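Q: Below is a structure I'd like to ask you about.
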Amino acid sequence: MNSTGKSEVSSNWKSFCQEYTPRLVWELRKGYSKSDFWRDFFAGLTVAIVALPLAMAFAIASGVGPERGLATAIVAGVLISALGGSRVQIGGPTGAFVVIIYGIVERYGYEGLVTATIMAGFILILLGLARFGRMIKFIPYPVTTGFTAGIALIIFTGQIKDFFGFNIQKLPSEFIPKWSAYFAASHTINLSALLCGSITLGTFLIMRKFYPRAPGAIIAIVLGTVTARFFGLDLETIGSKFGEIPRSLPPPELPAFSFAQARELVPEAFTVALLAGIESLLSAVVADGMTGDRHNSNCELVSQGTANIAVMFFGGIPATGAIARTATNVKSGARTPIAGILHAVILLVLMMAFAPFAGYIPLTCLAAILFVIAYNMSELHHFVYLLRAPRSDVLILLVTFALTVLVDLTVAVETGVVLAALAFMKRMSEVTEAASVTAVFQDEASDFTQLSQQGALLKRTVPAGVEVFQMSGPFFFGVADRFKDVLDRIEKRPRYLILRMRKVPVVDASGLHMLRELHSKCHRQGIHMLLSGVQPSVERYMKRIGLWQQVGQENIFANIDAALDRVETWLNASQPEKSQ
């Protein structure tokens with residue numbers, strides 16, 4: 001390898017290392033003072049207090065034991081902060097995963113969840129290494145709003161049994177059968193559960209409104225639990241349903257990855273990866289807006305993937321960046337990723353100290369907390385606002401929402417993305433225009449519209465026998481077919497056809513194929529086709545597939561003036577050159 005090649009390899013390696021160096025390393029290189037530590041410590045303490053009940057609540061709502069949520073918050077909390085590309089990101093279990101985790105556990109058991117999560121972790125790492133960090137943020141807003149609102153409704157629905165204390169032996173997993181079961185069991189309502197849950201819910205709402213900086217969830221749960229114990233209420237608790245919560249993390253062990261289930265769980269793995277990627281990057285963007293910072297999205301994806309693989313060694317559940325806890329971290333004065341690491345360490349200490357007491361918490365209290373979380377997660381005002389958007393966006397929103405609630409989150413996300421892509425292609429096809437500048441054709445059946453900026457060309461006289469078409473916008477498969485019969489739309493067959501392409505920024509294989517077909521058709525009909533103003537990005541692909549050579553370098557011009565000058569020369573000589 002010569003010196004130039006070695007220099008290029010060295011430069012690429014240096015760029016790679018800079019791209020994937022965790023934000024923690026960059027912050028420590030700047031210097032870390034005692035005041036920075038104490039600000040991070042108090043921020044971590046605040047977030048840990050907030051995360052403690054949420055970690056258990058999300059795990060229970062997902063159909064697994066509360067200890068799995070705590071293990072996830074601790075392990076993922078350390079790794080996402082230590083390896084991530086955000087300065088203040090907090091990782092752990094979130095409400096977005098409740099539906100997908102519940103569905104996987106219901107169908108495949110916890111072993112299936114392990115398999116899907118490990119696969120999702122590797123998918124996230126590959127997406128990060130392939131530098132898809134910025135692209136994953138292009139998921140359309142109606143899709144994210146639709147499935148987020150759907151998840152919120154499912155979380156709310158899933159907590160009704162515990163909040164009202166209904167006596168239902170086996171609660172259906174599907175949405176409509178679940179509500180049918182509630183109505184059928186409405187006569188079994190437990191007034192003690194309703195009272196305790198209402199006290200917790202009311203306390204939480206009051207704390208959020210009047211004392212937003214206080215750990216409202218902790219205070220509400222403690223008050224609800226004390227009420228139940230003081231009055232001796234017969235309620236189902238964490239301890240009665242799940243047994244005693246461990247006072248430490250379980251020793252790491254090789255997760256039970258099932259190769260037999262791996263192929264079957266590919267859709268679920270991609271859904272977990274997509275949700276983790278979207279929510280973590282959205283959380284990082286929110287944090288950037290609050291701090292004026294800028295995260296590294298590719299490094300963040302790698303850390304998310306690593307964390308999701310690692311938590312499976314400790315019996316956890318999928319994790320991602322938590323928007324609410326990240327915002328709390330910022331508001332509490334966090335300076336560096338050490339705040340996120342300290343939050344996980346403090347959470348472990350709290351788990352060791354208060355695990356025995358957690359068993360006394362009534363499930364109705366956790367249900368009350370999840371009611372509020374579900375409402376906040378739904379972002380109802382955004383959902384209502386989007387109903388006034390263009391009809392295609394409203395359709396995407398409602399379809400994604402309905403499929404999330406009634407069918408499956410995987411199907412909802414896939415369908416929503418496909419519909420959004422189709423809507424985007426339709427809009428792009430409407431933006432792309434092609435019109436004859438010499439005699440703009442008007443056809444009621446035509447999708448073409450007259451271009452508005454033709455003044456520069458109209459200052460010139462276009463000779464008889466010459467037709468000039470101006471194309472504007474991306475020339476891709478969504479519009480290529482509309483250009484197929486361009487020659488049929490010309491009233492009188494010209495001797496020369498000039499395609500003015502200065503406003504065509506990109507072209508795909510369908511567009512290139514259509515240009516090739518048009519050139520062949522012109523050749524058969526004795527029409528000389530010329531191109532003008534071809535952009536470098538389009539030129540590159542024309543040369544790659546041989547279309548540039550087929551048209552001929554002598555028939556391609558830098559601008560329309562040069563093309564018209566050449567045509568006038570040929571007309572004056574009355575000896576037009578043959579088309580290539």
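The values are calculated or read from the model by the stated rules, or taken from the named source; none is laboratory data. Predicted model, so just to flag it, every value in this text is computed and none were measured. Please note: Cβ atoms are built from the backbone with ideal geometry, for glycine as well, and neighbour counts cover all protein chains shown.
Q: If you check 254, 205, 195, which single one turns out to be surrounded by 15 or more Cβ atoms within 10 Å (Cβ to Cβ), without any contact (Cβ under 8 Å) to a residue 60 or more places away in the chain and aliphatic (A, V, I, L, M)?
A: On inspection, the qualifying residue turns out to be 195.
Q: Then there is this: When you look at residue 370, is it in the same structural domain as residue 280 (by TED's automatic domain parsing), under 28 Å from residue 267 (Cα atoms) and part of a helix (DSSP H, G or I), yes or no?
A: Considered against the rule, which asks whether it is in the same structural domain as residue 280 (by TED's automatic domain parsing), under 28 Å from residue 267 (Cα atoms) and part of a helix (DSSP H, G or I), residue 370 comes out as yes.
Q: Looking only at region 171-204, how many residues end up being part of a loop (DSSP other than H, G, I, E, B) and among the hydroxyl-bearing types (Ser, Thr, Tyr)?
A: Of the residues in region 171-204, 1 are part of a loop (DSSP other than H, G, I, E, B) and among the hydroxyl-bearing types (Ser, Thr, Tyr).
Q: Would you confirm whether or not region 290-301 contains a residue that is among the hydrophobic types (A, V, I, L, M, F, W, C), modelled with pLDDT under 90 and over 30 Å from residue 140 (Cβ atoms)?
A: Looking for residues that are among the hydrophobic types (A, V, I, L, M, F, W, C), modelled with pLDDT under 90 and over 30 Å from residue 140 (Cβ atoms), one finds none in region 290-301, hence no.
Q: I'd like to check which helices (runs of 4 or more DSSP H) are fully inside region 53-163 and have at least 1 residues that are basic (Lys, Arg) and closer than 30 Å to residue 219 by Cα. Outline the logic, then answer.
A: Details: elements: 66-83, 98-129, 141-158.
Where helices (runs of 4 or more DSSP H) fall fully within region 53-163 and carry at least 1 residues being basic (Lys, Arg) and closer than 30 Å to residue 219 by Cα, they are 66-83.
Q: Can you tell me how many residues within region 178-192 are exposed (fewer than 11 other Cβ atoms within 10 Å of the Cβ) and either touching a strand residue (DSSP E or B) at 6+ places or on another chain (Cβ under 6 Å) or not aromatic (Phe, Trp, Tyr) (or both)?
A: 3
Q: Could you say which residue among 486, 506, 466 is at pLDDT 75 or above and buried (at least 16 other Cβ atoms within 10 Å of the Cβ)?
A: On the way: 486 fails: at pLDDT 75 or above; 506 fails: buried (at least 16 other Cβ atoms within 10 Å of the Cβ).
Being at pLDDT 75 or above and buried (at least 16 other Cβ atoms within 10 Å of the Cβ) holds for just one of 486, 506, 466, which is 466.
Q: Output yes when any residue across region 260-274 is modelled with pLDDT under 90 and of a type in the set (Phe, Trp, Tyr), and no when none is.
A: No; the residues of region 260-274 include none that is modelled with pLDDT under 90 and of a type in the set (Phe, Trp, Tyr).
Q: Among all residue pairs at least 6 apart or on different chains, which show Cβ distances below 7 Å where the first residue, located in region 404-421, is among the charged types (D, E, K, R) and the second is part of a helix (DSSP H, G or I)?
A: Short answer, once both residue conditions are applied: 408/103.
Q: Would you pick out the residues in region 84-135 that are touching a Leu at 6+ places or on another chain (Cβ under 8 Å), surrounded by fewer than 21 Cβ atoms within 10 Å (Cβ to Cβ) and over 27 Å from residue 315 (Cβ atoms)?
A: 132
Q: Consider region 358-387. How many of its residues are surrounded by fewer than 18 Cβ atoms within 10 Å (Cβ to Cβ), in contact with a helix residue (DSSP H, G or I) (Cβ under 8 Å, 6 or more places away or on another chain) and either without any contact (Cβ under 8 Å) to a residue 12 or more places away in the chain or under 21 Å from residue 421 (Cα atoms) (or both)?
A: Total meeting the criteria: 1.
Q: State which residue pairs qualify: first residue surrounded by fewer than 24 Cβ atoms within 10 Å (Cβ to Cβ) and inside region 311-327, second residue assigned to a loop (DSSP other than H, G, I, E, B) and modelled with pLDDT under 95 in any location, beta carbons under 7 Å apart, and separation of 6 or more residues or different chains.
A: 313/252; 313/253; 313/255; 314/249; 314/250; 314/252; 315/250
Q: Would you mind stating whether residue 213 is charged (D, E, K, R), on the phi < 0 side of the Ramachandran plot and loosely packed, with under 14 Cβ neighbours inside 10 Å?
A: yes
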